[in-house]
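Engineer: Sharing a structure with you now.
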Amino acid sequence: QVQLVESGGGLVQAGGSLRLSCAASGRTFSNYYMGWFRQAPGKERAFVAAIGGSGSSTSYAASVKGRFTISRDNIEKTVYLQMNSLKPEDTAVYYCAARWAVPSTRGVDYDYWGQGTQVTVSS
């Protein structure tokens, strides 16, 4: 069982930066493939970024590649999403998710989810 708690969301102007954190419980955090997803009002949940257990393997949605960076600290059991050059279209609720071992960019494949944190980017 894994519990996930996101933090770090807020209101920022376009061009600004935010860093989201996702703190996980459980003893085998390093065995989980971790992902960030987001859901904007009226839209479906969308993949943002994901990272493998060792941190060496990452993947990004095309819309955020080059602006966002995912990382993890397995000792602190935390995954991060550094978001730079934010745009109004990045406004959404951001969710952290965990999946045992196997990489995936599909939300339906993830077993555990956090409660989400709101990110609002003003123009």
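The values are calculated or read from the model by the stated rules, or taken from the named source; none is laboratory data. This one's a predicted model, so the numbers in the text were calculated from it and none came from an experiment. All Cβ positions, even for glycine, are placed from backbone atoms using ideal geometry, and neighbour counts span all protein chains on display. When the accessible area is computed, the model is the full protein with side chains, heavy atoms only, and any ligands, DNA or RNA have been set aside. Shrake-Rupley method; radii C 1.70, N 1.55, O 1.52, S 1.80 Å.
Engineer: With respect to Ser57, is the statement that it is in contact (Cβ under 8 Å) with a residue 24 or more places away in the chain and loosely packed, with under 13 Cβ neighbours inside 10 Å true?
Structural biologist: yes
Engineer: Considering only the stretch 114-123, how many residues are part of a strand (DSSP E or B) and open to solvent by less than 30 Å² (accessible area, probe 1.4 Å)?
Structural biologist: Counting residues in the stretch 114-123 that are part of a strand (DSSP E or B) and open to solvent by less than 30 Å² (accessible area, probe 1.4 Å) gives 3.
Yes/no per residue for (1) assigned to a loop (DSSP other than H, G, I, E, B); (2) closer than 22 Å to Val108 by Cβ; (3) open to solvent by 70 Å² or more (accessible area, probe 1.4 Å):
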| residue | (1), (2), (3) |
| --- | --- |
| Gly16 | yes, no, no |
| Arg19 | no, no, yes |
| Cys22 | no, yes, no |
| Arg27 | yes, no, yes |
| Trp36 | no, yes, no |
| Phe47 | no, yes, no |
| Ala62 | yes, yes, yes |
| Ser71 | no, no, no |
| Glu76 | yes, no, yes |
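Engineer: When residues of the stretch 60-77 are filtered for being under 13 Å from the mean Cα position of the chain (by Cα) and either over 24 Å from Ala14 (Cα atoms) or modelled with pLDDT under 95 (or both), how many remain?
Structural biologist: The number of residues fulfilling the criteria is 1.
Engineer: Residue by residue through the stretch 78-123, note down the ones that are of a type in the set (Lys, Arg) and within 14 Å of the chain's Cα centre (by Cα).
Structural biologist: The initial filter retains those residues of the stretch 78-123 that are of a type in the set (Lys, Arg), namely 87, 99, 106.
Answer for the stretch 78-123, where residues must be of a type in the set (Lys, Arg) and within 14 Å of the chain's Cα centre (by Cα): Arg99, Arg106.
Each row is one residue, and each column tells you yes or no for (1) in contact (Cβ under 8 Å) with a residue 12 or more places away in the chain; (2) over 17 Å from Glu89 (Cα atoms); (3) in contact with a Phe, Trp or Tyr (Cβ under 6 Å, 6 or more places away or on another chain).
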site	(1), (2), (3)
Gln1	yes, yes, no
Ser7	yes, yes, no
Ala14	yes, no, no
Ser17	yes, no, no
Ser21	yes, yes, yes
Thr28	no, yes, no
Asn31	yes, yes, no
Met34	yes, yes, no
Ala40	yes, no, no
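Engineer: A further question follows. May I ask you to list the residues in the stretch 1-14 that are exposed (fewer than 14 other Cβ atoms within 10 Å of the Cβ) and part of a strand (DSSP E or B)?
Structural biologist: Gly10, Leu11, Gln13
Engineer: Of the residues that sit in the stretch 78-113 and are aromatic (Phe, Trp, Tyr) and open to solvent by 60 Å² or more (accessible area, probe 1.4 Å), which one is farthest from Leu18 (Cα to Cα)?
Structural biologist: Trp100
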